[in-house]
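**Q** Please see the structure below; I have some questions.
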Amino acid sequence: MKLILLGAPGAGKGTQAEVICDHLHIPSVSTGNLLREAVKKQTEYGVKAKSFMDSGKLVPDEIVLALLKERIAQDDCKNGFILDGFPRTVAQAQTLEEMGVAVDAVIDIEVPDEAITQRMSGRRVCEACGASYHIVSKPTKVEGVCDRCGGKLVIRKDDQPETVKDRLNVYHNQTEPLIEYYQKSGKLKVVDGQGDVGEVAARTLAALEA
């Protein structure tokens, strides 16, 4: 089964992708993760993508597509996959179809902007081991110190309030039209993304099986 996850940055798509992966035994293909890995390794595409990512702007299609094509050609994707973070525009959705990728369903995780801003601005990441925390929902035992390794916690640039605002504006202007696009095809399934992880997971699986 080939699926697409839609939702604004911070809507919890990554967590729901994991739930679906475990349920259907297919891999999650996150273009965000692919891009971050490319940036970390300082590959040709990673260097090009970094300036866009740092400012909260969409990375150009040619970079994302090159990474995506390489990933879904791998053996673990032969029985299906979940796309998280792609497509982000109607043009990308059309390109995906031109690539011969027949999507079975599109799940839209809906969360209000105010809740997303609160979620993301409270997130903290260990600069040493990468462990993730939240000052409200998942605080550390000692403020600013990683429970796992004792490293310093930092706010990622893309979690800072102004960057979050910019990312949400980009989402509403460029990605939100995908909801109508997939609704017309009859493949769209909308899920309320508010509540704890278990509640949202139950709604997601129920929508998928409906």
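The values are calculated or read from the model by the stated rules, or taken from the named source; none is laboratory data. Remember, predicted model here, so these are calculated numbers, not experimental data. Every residue, glycine as well, gets a Cβ built from its backbone with ideal geometry; the counts of neighbours run over all protein chains shown. The area values use the complete protein model at the heavy-atom level, side chains included, leaving out ligands, DNA and RNA. Shrake-Rupley method; radii C 1.70, N 1.55, O 1.52, S 1.80 Å.
**Q** Under the 0.36 nm per residue contour assumption, what length would be gained going from the current alpha-carbon distance of Lys184 and His134 to full extension?
**A** This chain segment gains 14.3 nm when fully extended.
**Q** Here is a further query. Once you keep just the Cα pairs under 8 angstrom separated by 6 or more residues, what percentage relative contact order results for segment 31-116?
**A** Value for segment 31-116: 23 percent.
**Q** Continuing with the same structure: If you fit an axis through the alpha-carbon atoms of helix 13-24 and take the longest principal axis of the Cα set of the chain, what angle between them do you get, 0 to 90°, nearest 10?
**A** Result, in degrees: 60.
**Q** Using mean Cβ contacts within 10 Å as the protection proxy, how do 106-115, 54-63 order, highest first?
**A** Final packing ranking: 106-115, 54-63.
**Q** Ala128's amide H: which non-local residues (gap 5+, or another chain) put their own amide H closer than 5 Å, with H modeled 1.01 Å from N in plane and none for Pro or chain starts?
**A** Answer set, sorted by chain and number: Lys152.
**Q** Can you give me the % of accessible surface on segment 1-70 that is carbon or sulfur? Probe 1.4 Å, all protein chains present, nothing else counted.
**A** Carbon and sulfur: 51 percent of the exposed surface of segment 1-70.
**Q** So if we plug the beta-carbon distance of Ala210 and Arg156 into 1/(1 + (r/R0)^6) with R0 = 30 Å, what FRET efficiency do we get, rounded to 0.05?
**A** 0.25
**Q** I've got another one for you. Of Val136, Ala8, Met99, which is farthest on the positive side of the dipole of the chain, counting Cα position, with +1 on Lys and Arg Cβ, -1 on Asp and Glu Cβ, and the Cα centre as origin?
**A** Val136
**Q** Taking the DSSP beta bridges in the chain as the whole, what percent of them are antiparallel, to the nearest 5?
**A** Approximately 35 percent, going by the DSSP bridge assignments.
**Q** Find the accessible area per residue for segment 1-116; the probe is 1.4 Å, ligands and nucleic acids are left out, and the unit is Å².
**A** 48 Å²
**Q** Using a Förster distance of 30 Å, how high is the FRET efficiency between Ala91 and Arg36, based on the Cβ-Cβ distance and rounded to 0.05?
**A** For R0 = 30 Å, the calculated efficiency reads 0.85.
**Q** For each pair in Lys13/Lys138; Lys69/Lys165; Lys57/Lys189; Lys57/Lys152; Lys2/Lys69; Lys40/Lys157, compute the distance between the two Cα atoms and list the pairs where it is over 20 Å.
**A** Among Lys13/Lys138; Lys69/Lys165; Lys57/Lys189; Lys57/Lys152; Lys2/Lys69; Lys40/Lys157, the Cα-Cα distance tops 20 Å for Lys69/Lys165; Lys57/Lys189; Lys57/Lys152.
**Q** Here's a follow-up. Work out, step by step, the length gained on full extension between Met99 and Lys69: first 0.36 nm times the residue separation, then minus their alpha carbon distance; give nm to one decimal.
**A** Here the segment from Met99 to Lys69 would lengthen by 9.9 nm.
**Q** Continuing with this model, one more query. Which of the aspartates and glutamates could a cross-linker span from Lys50 if the Cα-Cα distance has to be under 20 Å and same-chain partners fewer than 8 positions apart are dropped?
**A** Lys50 reaches Glu37, Asp61, Glu62, Glu70, Asp84, Glu127, Asp158, Asp159, Glu162, Asp166.
**Q** Next question, about the same structure. With runs of 4+ DSSP H residues as the only contributors, calculate the mean residue ellipticity of the chain at 222 nm using -39,500 (n - 2.57) per run, divided by the residue total and rounded to the nearest 500.
**A** Result for the chain, helices only: -13500 deg cm²/dmol.
**Q** Calculate, in nm to one decimal, what Glu143 and Cys21 gain on full extension: separation in residues at 0.36 nm each, minus their alpha carbon distance.
**A** Value of the extension gain: 40.6 nm.
**Q** Moving on. Looking only at Val90, Val19, Val142, which one moves most when the chain is put into a Gaussian network model with springs between Cα atoms under 10 Å?
**A** Of Val90, Val19, Val142, the Gaussian network model singles out Val142 as fluctuating most.
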